[in-house]
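> Could you have a look at this structure, given as structure tokens, before my questions?
No lab work stands behind these numbers, since they all come straight from the coordinates. Computed from a predicted model, the values in this text were never measured in an experiment. Note: ideal-geometry Cβ built from the backbone for every residue, glycine included; neighbour counts use all protein chains shown.
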Amino acid sequence: FKSTIARRRGPDSHIHEPFQVLPVDLGTGTGAEGGLGEAIAAMAAPETMPDGAVKRLCIDRLPLILIVHLKRFVFDPETGDIGKSFRHVPIPQVLELAGNPFIATSCASPFPQLTNNLAYRLQAVVYH
């Protein structure tokens, strides 16, 4: 992951963190209604910090194997309860990430022999 904080004053901050699993929030208002690709794109939405700085998260280098953890829990603000969402979320056989706003424009393919291939084929699903 690459986390960028654009400050009003001073230089921007860039932090690179390796990841093994991509956690994708499927709660209400996360874009998951349109499927996995849209839920991943929604993760690129900028977040305004209390001091006015703007934080943005993106992937700047894709792994050879992409493991996605679907976070299916939702918070009910009226009751304060946390429950599991059972709504249908479309998951494609091939997840195409080229052009996804969560993927940095400078992101290189994890497959050097396949230039500009930012797609993953579904291999397994674990449901518990």
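> Return the distance in nm (one decimal) between the two label points of a simple spin-label model at Phe75 and Val21, each offset 7 Å from Cα along Cα→Cβ.
Between Phe75 and Val21, the simple spin-label model gives 2.1 nm.
> Please give the net charge around Asp60, taking every other residue with its beta carbon less than 12 angstrom from that of Asp60, where Lys and Arg add +1 and Asp and Glu add -1. Don't jump to the answer; show the numbers that get you there.
Values: positive: Lys2, Arg56, Arg61; negative: Glu17.
Net charge around Asp60: +2.
> Amide H neighbours of Lys71 under 5 Å, at least 5 residues apart or on other chains, H built in the peptide plane: list them.
Hits under the 5 Å cutoff: Val24, Asp25, Leu26.
> So what's the net charge close to Pro101: Lys and Arg +1, Asp and Glu -1, counting the other residues with Cβ under 12 Å from its Cβ?
Value of the local net charge: 0.
> Nearest 0.05, what FRET efficiency do Val68 and His88 give at R0 = 22 Å with Cβ-Cβ as r?
Step by step, r from the Cβ atoms, then E = 0.85.
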